[in-house]
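A.B. asks: What follows is a single structure, and I will ask about it in a moment.
The values are calculated or read from the model by the stated rules, or taken from the named source; none is laboratory data. Predicted model, so just to flag it, every value in this text is computed and none were measured. Every residue, glycine among them, receives a Cβ derived from its backbone with ideal geometry; neighbour counts consider all protein chains shown. The area values use the complete protein model at the heavy-atom level, side chains included, leaving out ligands, DNA and RNA. Shrake-Rupley method; radii C 1.70, N 1.55, O 1.52, S 1.80 Å.
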Amino acid sequence: MPGFPDVRLRRFRRSSGLRGLVRETHLDLDQFVMPLFVAPEALWNAQLPGMSRYTVEDVVREVEELVRAGVQAVILFGIPAEKDEQATGAWEDDGIVQQALRALRPRFPELVLMTDVCLCEYTSHGHCGVIVDGEVHNDQTLELLARTAVSHVEAGADVVAPSDMMDGRVRAIRDALDDGSSESVPVLAYSAKYASAFYGPFREAAGSTPSFGDRRGYQMDPANVREALRECELDIEEGADAIMIKPALPYLDVIRAARESFDIPVGAYNVSGEYAMVKAAAQAGWLDERQAALESLTAIKRAGADLIVSYWTKDLAQWL
C-alpha cells in the first residue's frame, strides 16, 4: 500500500464542501423523534427545555411549532392528575395521553404520533408494573400494558412503544392490537433498556421515581450485551416491528451489535442524562452545545441507529 507523501488524506478535509462530499454518516430530521411530556398542569424547565411539561392545549401549540420546523414524529409521555397501584390513568379512555392524542390527531394528520407504553408514570409506587409481595409481577402487568396500548391506538397513536421490560409484553400487545383490528399498527419495542444512571432528569419530569427499591429486577444489567441481543431476538419473534436500545451513548456497542445481528429497524434513545450533561457543560462554558450535540447524535447514527429519540430534535430542525 502506498503511503505518505503520495497518500494525503487531508486533501478532502481542506474545506466544508470537500468534507461534505465524502461524509459517511448524515443526520436526517426524518429519522428523529421528539419526546413530549403531557400533564394537567404545565411546568417549564428553563435549564432543560426538553424536560418541560405541557398541558393538552400547550402540547398542540408546541407541536405546531415542531411541524413548522420540519419535525415529523413525536413520542408522548403522560403524567396523570392522580396515580394508583393499578396505573388506571395509563389505559382509561380519558387519560392524559389519550386526550393529547385526540387533540393532535385531526390537526396533524401527517405527523407520526408515538406513545410510550409503560406504567411507571401512572403507578403510585413508581414501578413499571403491578406490585405483588413487594415485587413487580410480570404476568399480571402484561394485561394492563396491552390495555394501555389498545387505548392509545384507539385515541390516534400511529406507533406504540413498550418500555417496561416485562417478559412477553410484545406478544401481549401484538395479540391485543390484532384482536382489536389494529394489526397495521407497528410496535417499537424498547428491547434493551438498561438500568441506567442516566434517567434522572426524565424521572423528575415524568414523576416516575420508584418510591422503594429500584428497577434492576427488570431493566437490564449495564454489563451485558449478549443478553441484550437475546432480548432483541425474543421481541422480534413476538412481533416487534422495530427495536430500541436505551440509553444510546454509553451503549453504542449494543446498537452496533443489534444492527449487525438483525435485519429490522433499530432505534436508540438519546436519554435525558445524556442531554443534561451536555446542557450543563455548555451552560458552564466548558463546551459548545451545538457541536457536542451534533457529534453525539452522529455517533449514535454511525453506530447503526435508524431512528433516534432525542430532546435535541427541535434544535436539530434549526441546526440542519
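A.B. asks: Among residues other than Gly168 whose Cβ falls under 9 Å from its Cβ, what is the net charge (Lys/Arg +1, Asp/Glu -1)? Each step should come with its number before you reach the end.
C.D. replies: Values: positive: Arg169, Arg171; negative: Asp139, Asp167, Glu238.
It works out to a net charge of -1.
A.B. asks: Any idea how many Lys pairs in the chain come in under 25 angstrom at the alpha carbon, given 8 or more places apart or on separate chains?
C.D. replies: Here the count comes out as 11.
A.B. asks: While we're here: Using only the Cα atoms of the chain, what are the Rg and Dmax in Å?
C.D. replies: Cα-based Rg and Dmax for the chain come out at 20.1, 71 Å.
A.B. asks: Put a dot 7 Å past each Cα toward the Cβ at Arg105 and Phe4; how far apart are the dots in nm?
C.D. replies: If labels sit at Phe4 and Arg105, their model points lie 6.2 nm apart.
A.B. asks: Also, I was wondering about something else. By the gyration tensor of its Cα atoms, with a ≥ b ≥ c the square roots of the eigenvalues, what is the shape of the stretch 216-296: rounded for a/c under 1.5, prolate for a/b over b/c, or oblate?
C.D. replies: Values: a/c = 2.91, a/b = 2.13, b/c = 1.36.
Taking the square roots of the gyration eigenvalues as a ≥ b ≥ c, the stretch 216-296 is prolate.
A.B. asks: Accessible area per residue for the stretch 47-178 in Å², computed with a 1.4 Å probe and the full protein assembly in place, what is it?
C.D. replies: Working: 5070 Å² over 132 residues.
Solvent-accessible surface per residue comes out at 38 Å².
A.B. asks: Separate question: Stretch Asp263-His137 to full length: gain in nm at 0.36 nm per residue minus the Cα-Cα span? Let's see the in-between values first.
C.D. replies: Values: separation 126, 0.36 × 126 = 45.36 nm, distance 3.21 nm.
My answer for the length gained is 42.2 nm.
A.B. asks: With all protein chains present, calculate the accessible area of Trp91 using a 1.4 Å probe and round the result to the nearest 10 Å².
C.D. replies: Number for this one is 50 Å².
A.B. asks: Output needed: percent of Cα pairs per 10 Å distance bin for the stretch 1-101, bins running from 0 to the one holding the longest distance.
C.D. replies: 13, 29, 21, 13, 11, 9, 5, 0
A.B. asks: What does the C-alpha gyration tensor say about the overall shape of the stretch 181-260? Classify as rounded when a/c is under 1.5, otherwise prolate if a/b is larger than b/c, or oblate. Walk me through the intermediate numbers first.
C.D. replies: Numbers: a/c = 1.94, a/b = 1.29, b/c = 1.50.
In terms of gyration-tensor shape, oblate.
A.B. asks: What is the extension gain from Ala299 to Trp319, computed as 0.36 nm multiplied by their sequence separation minus the C-alpha to C-alpha distance, in nm to one decimal? Don't skip to the answer; put the middle values down first.
C.D. replies: Numbers: separation 20, 0.36 × 20 = 7.20 nm, distance 1.65 nm.
Residue separation times 0.36 nm, minus the Cα-Cα distance, leaves 5.6 nm.
A.B. asks: A further question on this structure: Given the Cα atoms of the stretch 16-165, and with Rh set as the inverse mean 1/r over their pairs in the Kirkwood sense, what is Rg to Rh to two decimals?
C.D. replies: On the way: Rg = 17.5 Å, Rh = 16.5 Å.
The Rg/Rh ratio comes out at 1.06.
A.B. asks: How many Å³ per residue does the convex hull of the Cα positions in the stretch 83-130 occupy? Working shown, then result.
C.D. replies: Numbers: hull volume 2.9 nm³, N = 48.
It comes to 60 Å³ per residue, whole-number rounded.
A.B. asks: Please list log₁₀ I(q)/I(0) at q = 0.11, 0.12, 0.14, 0.16 Å⁻¹ for the stretch 182-320, using the Debye equation with identical point scatterers on the alpha-carbon positions.
C.D. replies: These q points yield log10 I(q)/I(0) values of -0.43, -0.51, -0.69, -0.88.
A.B. asks: Quick one: accessible area per residue over the stretch 230-320, 1.4 Å probe, rounded to a whole number of Å²? Working shown, then result.
C.D. replies: Details: 3780 Å² over 91 residues.
The answer is 42 Å² per residue.
A.B. asks: Within the accessible area of the chain, what % is carbon and sulfur when the probe is 1.4 Å and the other protein chains stay in place? List each step's numbers first, then the result.
C.D. replies: Details: 7100 of 15040 Å².
That share works out to 47 percent.
A.B. asks: So, one more: For the chain, find the longest principal axis of its Cα atoms and tell me its angle to the long axis of helix 138-155, 0 to 90°, nearest 10.
C.D. replies: Here the helix axis deviates by roughly 80 degrees.
A.B. asks: Any idea what the relative contact order of the chain is, in percent, if you count C-alpha pairs under 8 Å spaced at least 6 apart? Provide the component values of the computation, followed by the final result.
C.D. replies: Working: 604 pairs, mean separation 56.6, N = 320.
It rounds to 18 percent for the chain.
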